[in-house]
1. Which one of 94, 84 is within 13 Å of the ligand (Cβ to nearest atom) and of a type in the set (Asp, Glu)?
2. For residue 48, work out the one condition from (1) part of a loop (DSSP other than H, G, I, E, B); (2) more than 23 Å from residue 229 (Cα to Cα) it doesn't fulfil.
3. Looking at residue 162, is it in contact (Cβ under 8 Å) with a residue 40 or more places away in the chain, aliphatic (A, V, I, L, M) and closer than 18 Å to residue 129 by Cα?
4. So is residue 175 open to solvent by 70 Å² or more (accessible area, probe 1.4 Å) and under 17 Å from residue 248 (Cβ atoms) or not?
5. Just wondering, is there one or more residues in region 53-66 that are within 17 Å of residue 127 (Cα to Cα) and assigned to a helix (DSSP H, G or I)?
6. Could you please find all residues in region 8-45 being assigned to a helix (DSSP H, G or I), within 23 Å of residue 229 (Cβ to Cβ) and either open to solvent by 30 Å² or more (accessible area, probe 1.4 Å) or within 12 Å of the ligand (Cβ to nearest atom) (or both)?
7. Could you list, in sequence order, the residues of region 93-116 that are in contact (Cβ under 8 Å) with a residue 60 or more places away in the chain and open to solvent by 30 Å² or more (accessible area, probe 1.4 Å)?
8. I need the helices (runs of 4 or more DSSP H) fully contained in region 98-205, keeping only those with at least 1 residues that are on the phi > 0 side of the Ramachandran plot, within 16 Å of the ligand (Cβ to nearest atom) and at pLDDT 95 or above.
Amino acid sequence: MTPAIDFSGRRALVTGGASGIGEMTAKLLAELGAAVMLADLNRDALPAALERTGAAAWTAGDVASEDDSERMVAEAADRLGGIDLLFNSAGIGDDLVPLHRQTTARWRRVFDVNLWGTLLISRAAGSLMVAQRRGAIVNVSSIVGLDAFPGRSAYGVAKAGIGHLTKTLACEWGEYGIRVNAIAPAYTKTPMVKDLLDRKVFDPGIIERRTPLARMAETEEMAKAAAFLLSDWASYVTGVVLPVDGGWSAYGAAGDVVKIRHE
Ligand SMILES: NC(=O)c1ccc[n+]([C@@H]2O[C@H](COP(=O)([O-])OP(=O)(O)OC[C@H]3O[C@@H](n4cnc5c(N)ncnc54)[C@H](O)[C@@H]3O)[C@@H](O)[C@H]2O)c1
């Protein structure tokens, strides 16, 4: 058995690789030996992300566009000589308003980037993996895709859809030696969440009290879970949506209403 995760000789495509969870995962995959291609909508951020992560190359485009998705996957396969690993991290948050105040355009965009983007990139990369009869994909759901969060209908439906897509693709592609899993992160200290904290949209104290591990996650903690699922250490794991949430989804008590004595 290999004593450590080793991605030597593996070729990885990471969407949303210019920031946050995608960037940190790209960095970890590269450190563990993979040749990594970053794909992101934010063209300006990609060159610096390439430096920070040690990735081999980058490509810019919108995962929600069929043309861009197919082009980015083709570029990655060209540049790296194929794709063995895919991490679908590109995503955007929503406006935290109830459905009756949500515009069609905004709802659609949040849904399209998160779910449709994951589907389009997975279809393009998955076609190559089916042909080579090998591959591993990790998608990014969310605790918001596991349970209902008011004000997050577009994001929640998309993230729940990613969970279901993950299981479906695992069943469709298992016979080709392709594993498909997802992580479901809770609040993670990325630029996306830091911005919401700065604008006081979230109260960190409430999040910490609601989380059994009593803190928010670091991006490294998401990267390590993703790397495990992408690696041969998870060779018999497929169709799983793994909460990486400090116990958030296990917690069923009434929050601050219940006080237990620890001594
Ligand atoms: N941070 C959290 O607390 C948290 C919790 C649960 C799930 N997630 C999910 O994790 C993933 C990464 O989020 P993050 O917190 O690292 O955010 P982030 O904003 O730091 O990074 C997201 C990256 O995706 C890129 N992106 C956005 N739209 C794109 C598009 N249409 N095409 C290509 N790239 C696009 C952005 O430019 C950015 O570089 C997202 O799917 C998010 O929904 C985050």
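1. Working: 84 fails: within 13 Å of the ligand (Cβ to nearest atom).
The unique qualifying residue is 94.
2. (1)
3. Numbers: in contact (Cβ under 8 Å) with a residue 40 or more places away in the chain: yes; aliphatic (A, V, I, L, M): yes; closer than 18 Å to residue 129 by Cα: no.
No.
4. Details: open to solvent by 70 Å² or more (accessible area, probe 1.4 Å): yes; under 17 Å from residue 248 (Cβ atoms): no.
Criteria not met by residue 175.
5. yes
6. At the first step, the residues of region 8-45 found to be assigned to a helix (DSSP H, G or I) are 20-31, 43-45.
From the residues that got through so far, the ones that are within 23 Å of residue 229 (Cβ to Cβ) too are 20-31.
20, 21, 22, 23, 24, 25, 26, 27, 28, 31, listed by residue number.
7. Within region 93-116, the subset in contact (Cβ under 8 Å) with a residue 60 or more places away in the chain is 93-94, 96.
Hit for region 93-116 is 96, nothing else.
8. Numbers: elements: 104-111, 117-132, 153-173, 191-198.
In region 98-205, there are no helices (runs of 4 or more DSSP H) which contain 1 or more residues that are on the phi > 0 side of the Ramachandran plot, within 16 Å of the ligand (Cβ to nearest atom) and at pLDDT 95 or above.
The values are calculated or read from the model by the stated rules, or taken from the named source; none is laboratory data. Here the structure is a predicted model, which means the values were calculated and not measured. For neighbour counting, all protein chains shown are included, and Cβ atoms are generated from backbone atoms with ideal geometry for every residue, glycine included. For accessibility, only protein heavy atoms count, side chains too; no ligands or nucleic acids. Shrake-Rupley method; radii C 1.70, N 1.55, O 1.52, S 1.80 Å.
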